[in-house]
Amino acid sequence: MDARRTTVRDMRRANRSVLLTRIWLDGPLSRYELGQSTALSLASVSNLVGEMIDEGVVEEAGLVESDGGRPRVLLRVAPGYGYLVGADVGETRVQVELFDLAMTALAKAEYPIAAAEPDPDDVVASLLHGLHAVVDQAGVDPAAVLGFGVAVSGTVERTADGVVYAQTLGWDGVPLGAMLRAGTDIPVHLDNGAKTLGQAEMWFGAGRGARHAVIALVGSGVGACVVADGVGYRGAHSSAGEWGHTTIVYGGRRCRCGNLGCLEAYVGAEGVLDRFRQANRGRPAAGGDEESAFGELLRSSTRTAGKVLDETVGYLGAGVATLVNLFNPERVVLGGWAGLALGGRYLPQIREATARHALRQPYAQTSIELCQLGPDAVAMGAATLPMARLLRDGGVPRGGAPRVAATPLPRPARRPRSQAR
């Protein structure tokens, strides 16, 4: 009897998950559209949607005309049902943002990272300070925050302790998840930054609609999220996608990871700036930090800058060609702050360089696009980690029981999800 009740309850939750996911990703939608796209009966859709409306996780969002019948009621996930916090632990800064459930950014905090190999305790302190800061800025009840998603570089073991292995940061088995959970009651979720970028772009941005894609992150470091048949490929222990540490030049430049000839040493922002400094007789690019120096290099009209940038485009094209040859994606999406800066100016040349190095047929089947969500997409993707849990659980948050929706805050005018932020 107990087993039967569990089975019925699990099936009901699974059906709620299907409906809630469809409403969140594709809404507003009518009950009729949900029935057509999920193969659930209209009675089941109406029953389960009614439950979620009563709980506050779903709300009505206007009417749409139907073919000859009464107007249909549209449904959406209630933006004020809860809030999500996402953080991007980059090489130069920690960025924390708070979103409502419509993924509207409501508050943001940033903290610089000065050390090449930052102390994990300092990073945890910045993350927790940022979490409290954005909650206070937005005037949100901490109990209404569904989770804190954190994106980091390196390999993230998705265990209770959230252990991070990041050679470029000097982190070898840092239990970052456990360290964060010791400082907050809000549920913590960890993942690799390229993977959170990939999730955001697949759900809301340039990857939307593709079943096979690679989302490439180029910042100070370089990584990738590989999506095969709609599912992110993680490998045996979640380290798949370390594209930046594939060898592009045998015996070449030393990478931050300690190896020679890695792609990151040639197209990552730190590597590009170092190559320019060496070519420029030891004189670095102007700028107070890495991002501003990279921008100055892109704007420079000197022959040396032009040569370094042309070489960078060639290396990047060869790296993208490797992705095309290995994974045969429908789409390669180039993101990360440095990737967007390069792609914004050199995207046609990057495509040409990719074509020179890729096999003709898979290249002809691939499009190369820019990330649509802007440089904050990693933090947005991190914020979707707790949302993904809510969707999997059919709208029942961490406590196991539905709760009354939080009173929505006054919301700023919303940017389209596909617009660069």
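The simple spin-label model puts a point 7 Å past each Cα toward its Cβ; for residue 260 and residue 289 those points are separated by 3.5 nm.
Size of the chain from its Cα atoms: along the principal axes, largest to smallest, the extents are 72, 49, 44 Å. In the chain, the DSSP beta bridges split such that about 65 percent are antiparallel, to the nearest 5. For segment 353-363, just list the computed ³J(HN,Hα) in residue order, Karplus coefficients 6.51, -1.76 and 1.60, θ = phi - 60°, integers in Hz, with x standing in for Gly and Pro. Going residue by residue, I get 5, 4, 4, 5, 10, 8, 5, 4, 5, x, 5 Hz, with x marking Gly and Pro.
Taking 0.36 nm per residue of separation and subtracting the current Cα-Cα distance, fully stretching the chain between residue 116 and residue 136 would add 4.2 nm.
Can you tell me which of 316-328, 233-245, 261-273 comes out highest on packing, and rank the rest after it, using the mean Cβ neighbours within 10 Å? List each step's numbers first, then the result.
Numbers: 316-328: 20.6, 233-245: 17.5, 261-273: 25.2.
Highest mean packing first, the order is 261-273, 316-328, 233-245.
Computed over the chain, the per-residue total of -39500 (n - 2.57) for DSSP H runs of n ≥ 4 gives a 222 nm mean residue ellipticity of -13500 deg cm²/dmol, rounded to 500.
Could you tell me the relative contact order of the chain? Use alpha-carbon pairs under 8 Å, at least six residues apart, and round to a whole percent. It rounds to 18 percent for the chain. With the whole protein complex present, residue 354 retains an accessible surface near 0 Å², based on a 1.4 Å probe. The orientation-averaged shadow of the Cα convex hull for segment 130-241, equal to a quarter of the hull surface, comes to 8.1 nm².
Within the assembled protein chains, the solvent-accessible surface assigned to residue 158 is about 150 Å², based on a 1.4 Å probe.
Relative to the present Cα-Cα distance, how much length would full extension add between residue 7 and residue 160 at 0.36 nm per residue of separation?
Gain on extension, residue 7 to residue 160, equals 52.4 nm.
Fully extended, how many nm does the chain gain between residue 108 and residue 25 (0.36 nm per residue separation, minus their Cα-Cα distance)?
Details: separation 83, 0.36 × 83 = 29.88 nm, distance 2.36 nm.
In short, 27.5 nm is gained.
Between the beta carbons of residue 361 and residue 184, assuming R0 = 41 Å, the FRET efficiency works out to 0.20 to the nearest 0.05. Whole-Hz Karplus values for segment 326-334 come out as 7, 10, 6, x, 5, 8, 10, 10, 9 Hz, taken residue by residue from phi with 6.51 cos²θ - 1.76 cosθ + 1.60 and θ = phi - 60°; glycine and proline positions read x. Here the label points at residue 393 and residue 37, each 7 Å from Cα along the C-beta direction, are separated by 2.4 nm in the simple model. With the simple spin-label model, which puts each label point 7 Å out from Cα in the Cβ direction, the residue 278 to residue 228 separation comes to 3.5 nm.
The values are calculated or read from the model by the stated rules, or taken from the named source; none is laboratory data. Computed from a prediction, not measured in an experiment: that's the story for all the values here. Here the Cβ is made from the backbone with ideal geometry for all residues, glycine too, and neighbour counts use every protein chain on show. Just so you know, the surface numbers come from the protein's heavy atoms only, side chains and all, with ligands and any DNA or RNA stripped out. Shrake-Rupley method; radii C 1.70, N 1.55, O 1.52, S 1.80 Å.
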